[in-house]
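Asker: The structure is given below, and queries will be raised subsequently.
The values are calculated or read from the model by the stated rules, or taken from the named source; none is laboratory data. Note that the coordinates shown come from a computational prediction; the quantities given were computed from them, not determined experimentally. Here the Cβ is made from the backbone with ideal geometry for all residues, glycine too, and neighbour counts use every protein chain on show. The protein model used for the area step is the full one, side chains on, heavy atoms only, and it has no ligands, DNA or RNA in it. Shrake-Rupley method; radii C 1.70, N 1.55, O 1.52, S 1.80 Å.
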Amino acid sequence: MDPEKFRHDVSRYERPTERYRCGRGAEWRDPCAFGPNAKGQCGGTSDCRPAKVGDRYECRRPAFAGGPCAEGPKPDGACAHQRPPCRPRRTIRSLRGLIALSAFTLVIAIIATFLTVSQSSSRAVLSAGPLTGGHANFTAKSGCVACHEPHGADTGGWALAAFREDDLTARCITCHTFGGDPRLGHNAASDRSPRGREVQCTDCHTEHKGETFDIVKVGDEACNACHKQRVDSFGENHAAFKPSFPHDRRTSIMFDHVSHMAKHFADERVKTLAPANCASCHEMQGAETFVRPKSFDESCVGCHADVIATRELVLLRLPEFSESLLDKERVMEVCGPTLEQWQMMMESMSGDSDMATMRGMMTEETEYESVSSEEASAISAYLLGMPPDDPDDLTMQGFVWGLILEGEAPIAELIDARAGRKVSDRLLAGLNPELVRRVACAWAANIEYQPPNDPEFGGWYGDGLELKYRPPRANSHVDSVAYEWALFAAASAKEGDEALIDFAADMRNVVLGRTEGVGACTKCHAVSNDGEGGLTVEWRYAEAQSRPFTGFNHPRHLTLVDPEGVNLMNPDAGCRTCHKLNEAAQYQASFDGHDPHHFESNFSAISKETCAQCHNAGQVKQDCKTCHNYHLEPGFDLRMMSDAK
Amino acid sequence: MTGERAITIRYMVVLGIFAAAIVAFTLHAIETPNQLGRPEFLTGYVMFGLMLGVALLNARKRLSMVPVGRAAYWLALHVLGGFLIIGLYFVHTQRIWPQGGFERAFAMLVYLVTASGIYGYVIQRFIPRRLTTSGIEIIYERIPAELARIRREAEEIALACTKEAGTDTLARHYLESLSWYFRRPRFFLGHVFALESGEHWVRFQVQTIERYLSEAERRHLAKLEALALYKDRIDFHFVGQSLLKYWLLVHVPLATALLAMMFWHIIVINVYAL
């Protein structure tokens with residue numbers, strides 16, 4: 001650069017940072033030497049501003065403009081070279097500042113206008129975007145305040161809200177419900193994840209991203225934020241499944257797949273009744289994680305229809321007495337003579353015997369020999385609190401006398417006493433008091449009760465030394481009496497009377513026994529600890545609760561297994577792709593006890609490798625949410641419905 | 001080590017540290033969007049800080065007397081900060097085009113500021129080099145005075161030609177054609193795209209009149225042609241320097257509007273989302 005051209009006598013002093021520039025220069029004419037002043041007024045109406053030196057004015061025209069002029073200033077000090085003033089223009093810098101300030105002001109003004117004109121316009125500058133469809137619908141009535149409390153506050157409260165934390169989660173849970181504390185990880189505290197940091201809904205879910213935005217979608221990083229063992233992908237570093245996976249607990253219904261498939265279904269006698277495939281017995285419609293078995297009436301009844309009616313309940317059994325303590329005369333008065341006594345009386349009537357003589361003959365004390373050599377029933381032992389093999393004669397015979405007088409009432413009384421509530425009407429439903437009296441009368445007479453006919457239709461009946469119940473043959477396999485007795489027996493596990501505990505256990509072994517129990521209920525229905533010191537009969541199919549955050553979509557996988565159609569019994573595909581029979585498992589023995597977790601499935605455990613065949617890098621998706629849920633029992637509160645109206 | 005080299009090394013160190021910070025933070029921000037703890041607040045406030053930081057370049061230019069580092073450093077940081085802001089914007093919003101009205105206006109401004117910034121950076125790297133090829137240097141604010149001087153000189157040549165040659169052929173040609181050219185900068189678009197339109201126009205005007213001129217007049221015409229070609233280079237400077245100055249009339253107001261919207265956004269977020 002040539003510095004000479006910036007000499008003071010050839011170069012004018014430019015001030016581009018000032019607000020105004022010469023108007024003549026802006027019109028491409030020769031700009032003046034001085035330029036406009038700070039107020040934007042023209043400073044170039046003359047070539048110079050003469051200076052008074054002594055009593056004379058001297059020209060002060062700058063050197064670069066030609067130096068002092070020949071004419072010199074006028075006597076009054078005015079420059080001799082006058083020009084009309086120009087209209088100064090803003091410099092670029094000034095213009096930039098002005099436009100920038102205007103832009104800033106314009107934005108503020110637009111926001112203020114939108115805030116004040118209407119609710120919808122204010123929403124335009126407050127809302128980050130449309131809500132998802134569901135939220136938009138349910139907050140339509142109450143608006144922003146449905147989720148944002150400060151929105152309903154006055155201006156001061158609104159401004160102060162910027163410095164206060166707004167509990168958005170509290171708003172979410174006015175509509176959304178969960179199985180546990182919504183602020184806890186997975187809505188549930190566990191031993192492995194004790195109550196730690198609180199989790200907010202907005203940690204994972206973001207709103208205002210459009211009507212169709214997938215607000216539920218959460219990436220794996222959210223899981224890894226809390227879980228100590230980081231999982232980058234299922235195939236890469238997901239932990240191996242438990243050795244028993246997914247069979248953590250025995251099923252509520254005992255069904256030995258191994259014996260049925262290997263033996264029973266191959267039996268020529270029932271081959272035609274055997275199921276065609278897994279779907280014959282398992283309900284595929286609507287199945288997700290759990291594929292429920294079909295009902296007994298749909299899948300088992302073909303072969304097992306008769307078994308229920310073959311398992312009877314022995315309510316009472318006449319035990320062996322060492323002596324008869326009953327007043328025979330009173331028994332005869334109440335019950336009438338027995339057939340034997342009647343025959344004796346008829347023979348006597350041929351002579352001259354009077355009535356007293358005949359009665360004396362019938363009630364004559366002879367050497368007593370008990371007609372029974374049996375033990376009392378386990379039920380009566382529990383009800384009366386006596387050992388079945390050595391009952392107290394007086395008590396037992398008094399009980400029989402009570403049956404003679406009152407029918408089933410003494411039994412009902414004892415049942416209700418043991419249960420602690422009125423249940424006898426259900427347990428003894430259908431028991432005819434007259435039947436009880438007749439059976440008791442026979443026993444009081446030390447003879448076996450002879451039923452008038454064969455109880456082929458089931459129900460309560462007496463037979464020799466026993467008063468029994470046989471489940472009737474019916475269309476449904478549900479028998480309410482057997483059901484109630486099973487419940488009664490299971491409840492006896494909580495028997496608090498020390499003296500009765502052993503009797504209760506014996507009764508349970510009889511009533512709930514897998515081989516002898518009434519109605520064969522427990523042949524299939526597991527009897528398990530209820531977690532509260534008692535027992536429960538697992539009447540219904542129960543979905544496993546041990547992995548509430550893990551799911552599996554069976555229908556999708558079945559489609560994948562066989563795209564041509566679900567051929568479930570194909571040993572090379574179908575269900576057996578994952579569910580492989582374990583013929584060595586002691587499956588039935590798993591149901592001997594009451595601990596449902598002491599269990600050996602007759603299916604082999606499913607390993608991670610089974611899933612990783614497809615769920616792996618470059619194959620099927622393998623993110624956490626493919627198999628795992630976050631929330632525990634998510635649901636909705638009904639209040640949301642009223643808010644949406 | 002020469003002073004120039006030391007400055008270059010310092011410049012590279014600053015840029016390296018800043019670039020490393022950009023990469024580290026961007027990676028962290030990309031890693032965290034689905035983690036708990038609402039990382040959008042982190043990215044948002046970092047963006048806020050960066051926006052204020054890059055806006056300080058304007059203050060730095062106003063306070064040239066304060067020793068706060070070379071303007072080149074500031075410009076480098078401004079450019080890098082701008083790129084980080086646009087990167088963080090995508091990490092922050094997780095999408096290119098948001099849903100809400102305000103958010104869309106905000107996004108539009110972000111994109112316009114970024115686009116104008118990139119445009120400004122590109123022309124700052126490109127135009128000054130082109131200007132040096134013109135062979136002259138001139139301060140932008142002095143261009144009106146220089147054009148006025150050239151115009152005066154051109155008129156004097158036309159008058160001198162008339163006096164000397166006794167004909168007004170060149171003078172009339174000046175009045176009818178060339179005076180338009182000398183009146184102000186011409187061929188703006190031609191200079192923007194380096195089409196040499198002005199030079200072609202001048203040569204065409206000279207060739208048009210040359211055949212009608214005497215030898216004496218041609219000498220004056222040659223002077224006039226040289227002056228016109230010099231003026232063409234002045235025009236080239238005017239166009240180039242105008243582009244370097246006027247893009248800020250777009251960039252700065254848009255950035256200011258963006259700052260205003262950002263303040264409002266932060267207020268709304270603190271009221272509604274925290």
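Asker: Enumerate the calculated ³J(HN,Hα) couplings along the stretch A:125-137 in order (Karplus 6.51 cos²θ - 1.76 cosθ + 1.60, θ = phi - 60°), each rounded to whole Hz, writing x wherever the residue is Gly or Pro.
Answerer: 9, 9, 7, 7, x, x, 6, 5, x, x, 5, 4, 5
Asker: With θ set to phi - 60° and the Karplus curve 6.51 cos²θ - 1.76 cosθ + 1.60, what are the ³J(HN,Hα) couplings of the stretch A:51-65 in order, to the nearest whole Hz, using x for Gly and Pro?
Answerer: Taking θ as phi minus 60°, the curve returns 10, 8, 10, x, 9, 10, 9, 10, 5, 10, 5, x, 4, 5, 9 Hz for the stretch A:51-65.
Asker: One-quarter of the Cα convex hull surface for the stretch B:87-139, in nm²?
Answerer: 5.2 nm²
Asker: Run the 1.4 Å probe and let me know the accessible area of residue B:219, rounded to the nearest 10 Å².
Answerer: About 130 Å², ignoring ligands and nucleic acids.
Asker: Also, I was wondering about something else. Looking at the P(r) of the stretch A:1-90, how many percent of alpha-carbon pairs lie beyond 18 Å?
Answerer: 50 percent
Asker: OK, next. Need the list of lysines near residue A:608 for cross-linking: C-alpha distance under 19 angstrom, and skip anything on the same chain fewer than eight residues off.
Answerer: Correct list for residue A:608: A:242, A:580, A:621, A:625.
Asker: To the nearest 10 square angstrom, what accessible area does residue A:32 show with a 1.4 Å probe?
Answerer: 10 Å²
Asker: Using modelled backbone amide H atoms (1.01 Å from N, in-plane), which distant-in-sequence or interchain residues come within less than 5 Å of residue A:292's amide H?
Answerer: HN-HN under 5 Å from residue A:292: A:283.
Asker: Straight-line reach from residue A:39: which lysines have Cα under 24 Å away, leaving out those fewer than 8 places along the same chain?
Answerer: Once the sequence-local lysines are set aside, what remains near residue A:39 is B:61, B:245.
Asker: Tell me the accessible surface of residue B:256 in square angstrom (1.4 angstrom probe, heavy atoms of protein chains only), to the nearest ten.
Answerer: Surface accessible to solvent at residue B:256 totals approximately 30 Å².
Asker: Could you work out, residue by residue across A:223-234, how many beta carbons of other chains sit within 10 Å of that residue's beta carbon, and then give the average as an integer?
Answerer: Average neighbour count from other chains, rounded to a whole number: 1.
Asker: Report, as an integer, the average count of C-beta atoms from other chains found within 10 Å of each Cβ along B:135-148.
Answerer: Mean number of neighbouring Cβ atoms from other chains: 5.
Asker: Net charge near residue A:374: determine it from the other residues with C-beta under 12 Å of the C-beta of residue A:374, scoring Lys and Arg +1 and Asp and Glu -1.
Answerer: -4
Asker: Can I ask one more? What whole number of Å gives the distance from the Cα centroid of the stretch B:157-217 to the Cα centroid of the stretch A:604-634?
Answerer: 83 Å
Asker: Let me ask something else. Order of A:239-248, A:432-441 by packing, highest average Cβ count within 10 Å first?
Answerer: Result, highest mean first: A:432-441, A:239-248.
Asker: Quick check: the angle from helix B:143-165's long axis to the longest principal axis of chain B, C-alpha only, nearest 10 degrees?
Answerer: 10 degrees
Asker: A further question follows. Per-residue mean of other chain beta-carbon atoms within 10 angstrom of the beta-carbon, peptide B:97-106?
Answerer: 6
Asker: To the nearest 0.05, what FRET efficiency results for residue B:212 and residue B:150 with a Förster distance of 22 Å applied to their C-beta separation?
Answerer: Efficiency at R0 = 22 Å is approximately 0.35.
Asker: Let me ask something else. Collect residues whose amide H, placed 1.01 Å from N in the peptide plane, falls under 5 Å from the amide H of residue A:46; neighbours closer than 5 in sequence don't count.
Answerer: Close amide H contacts, sequence-distant or interchain: A:83.
Asker: At a 1.4 Å probe radius, which order do B:47, A:284, B:12, B:108 fall into by accessible area, largest first?
Answerer: Heavy-atom accessible area, descending, gives B:12, B:108, A:284, B:47.
Asker: Ranked by accessible surface with a 1.4 Å probe, highest first, in what order do A:42, A:226 come?
Answerer: A:226, A:42
Asker: Considering the dipole of the stretch A:1-129 built from charges on the beta carbon (Lys and Arg +1, Asp and Glu -1) around the Cα centre, which of A:63, A:124, A:31 is farthest to its positive end?
Answerer: Going by the Cα projections, it comes out as A:124.
Asker: Let me ask another. Taking the C-alpha atoms of the protein assembly as shown, how large are the radius of gyration and the largest Cα-Cα span, Dmax, in Å?
Answerer: Using the Cα atoms of the protein assembly as shown, the pair Rg, Dmax is 52.9, 194 Å.
Asker: Roughly how big is chain A's charge dipole about its Cα centre, with Cβ charges of +1 (Lys, Arg) and -1 (Asp, Glu), in debye to the nearest 20?
Answerer: The calculation lands at about 9560 debye.
Asker: Select from B:198, B:53, B:166 the residue whose mean-square fluctuation is largest in a Gaussian network model of chain B (Cα-Cα springs shorter than 10 Å).
Answerer: B:166
Asker: While we're looking at this one, here's another question. Evaluate the charge dipole of the stretch B:140-245 about its Cα centre and quote only its size in Debye, nearest 20, assuming +1 on the Cβ of each Lys and Arg and -1 on the Cβ of each Asp and Glu.
Answerer: 260 debye
Asker: Kindly give the semi-axes, whole Å and largest first, of the ellipsoid equivalent to the stretch B:140-245, taking each as the square root of 5 times a Cα gyration tensor eigenvalue.
Answerer: After scaling each eigenvalue by five and taking roots: 27, 14, 9 Å.
Asker: Under the rule of at least 5 residues apart or a separate chain, name every residue whose amide H is placed under 5 Å from the amide H of residue A:20.
Answerer: Amide H neighbours of residue A:20, under 5 Å, 5+ apart: A:91.
Asker: Could you tell me which residue out of A:301, B:80, A:81 lies farthest along the dipole of the protein assembly as shown toward its positive end? Charges go on the beta carbon: Lys and Arg +1, Asp and Glu -1, centred on the Cα centre.
Answerer: Toward the positive end, the furthest listed residue is A:81.
Asker: Report the accessible surface area buried between chains A and B, summing both sides, using a 1.4 Å probe on protein heavy atoms only, in Å² rounded to the nearest 100.
Answerer: Approximately 4600 Å², summed over both chains.
Asker: Enumerate the calculated ³J(HN,Hα) couplings along the stretch A:171-185 in order (Karplus 6.51 cos²θ - 1.76 cosθ + 1.60, θ = phi - 60°), each rounded to whole Hz, writing x wherever the residue is Gly or Pro.
Answerer: 6, 4, 7, 6, 10, 8, 10, 9, x, x, 4, x, 8, 8, x
Asker: Something else now. For chain B, set up a Gaussian network in which alpha carbons nearer than 10 Å are linked by springs, and say which option among B:82, B:190, B:135 fluctuates the most.
Answerer: Comparing B:82, B:190, B:135 in a Gaussian network model of chain B, the most mobile one is B:135.
Asker: Can you divide the C-alpha Rg of the stretch A:109-217 by 2.2 N^0.38 Å and report the result to two decimal places?
Answerer: 1.26
Asker: Follow-up. Taking the Cα centre of the stretch A:1-90 as the origin, how large is its charge dipole in debye, to the nearest 20, when only Lys and Arg (+1) and Asp and Glu (-1) carry charge on their Cβ atoms?
Answerer: Rounded to the nearest 20 debye, it is 480 debye.
Asker: Follow-up. When the helices in the protein assembly as shown are scored as -39500 (n - 2.57) per DSSP H run of 4 or longer and the sum is shared across all residues, what 222 nm value do you end up with, to the nearest 500 deg cm²/dmol?
Answerer: -14000 deg cm²/dmol, from helical runs alone.
Asker: Answer with one residue from A:227, A:407, A:442: the one whose Cα lies farthest towards the positive end of the charge dipole of chain A, charges on Cβ with Lys, Arg +1 and Asp, Glu -1.
Answerer: A:227
Asker: Excluding residue A:83 itself, what net charge comes from residues whose Cβ is under 12 Å from its Cβ, given Lys and Arg +1 and Asp and Glu -1?
Answerer: With Lys, Arg at +1 and Asp, Glu at -1, the neighbours total 0.
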